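Note sheet for the following structure.
Each value in this text was obtained by applying a stated rule to the coordinates, not by laboratory testing. Bear in mind the structure is a predicted one, so any value in this text is a computation, not a measurement. Cβ sites come from the backbone with ideal geometry, for glycine too, and all protein chains shown count toward neighbours.
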Amino acid sequence: MGVNVSQKQVAEWEKKYGADNVKKMTVHGSNGEEWNMYFMLPQVHPKRRMLYSRALTFVSNNQRLEAGELILSECLLQGDEVFSDNNHLAYISAAIDLGKHIGLLETSTTSISTKSTEATQK
């Protein structure tokens, strides 16, 4: 327990992915154990489209765990050994939480029809 990541390593990740896109997650066990992992947010993944396509397929099929497992496997920078054991509760807990990090941008749609404008001008 207790992955050791140097400040130098964190600085390298922040330079590569952006300071706001590198995160640390701590999973707290029931007996006071803690497991740590560092990950990049999915939106800065080098193959972002592939990652989002696969993750959103899981989400649309209500497979939240599988979506999170994909994020964990693709975005994990470094972490305690338990994050390579998909039967460990810390792994499962982290995967469920990571599924929430599939961030999309807000969109809006407006009508551009000229018919409604023409009707009011007559």
Charge dipole of the chain built from unit charges on the beta carbon (Lys, Arg +1; Asp, Glu -1), centred at mean Cα; most positive-end Cα among 21, 112, 87 is 112
On C-alpha positions alone, give me the angle between the axis of helix 7-17 and the longest principal axis of the chain, in degrees, nearest 10. 20 degrees
Ignoring everything except DSSP H segments at least 4 long, calculate the 222 nm mean residue ellipticity for the chain; use -39,500 (n - 2.57) per segment, divide by total residues, nearest 500. -13000 deg cm²/dmol
Connecting C-alpha atoms closer than 10 Å in a GNM of the chain, tell me which of 12, 69, 106 has the biggest fluctuation. 106
Among 26, 57, 107, which one shows the biggest mean-square fluctuation in a GNM of the chain, springs joining Cα atoms closer than 10 Å? 107
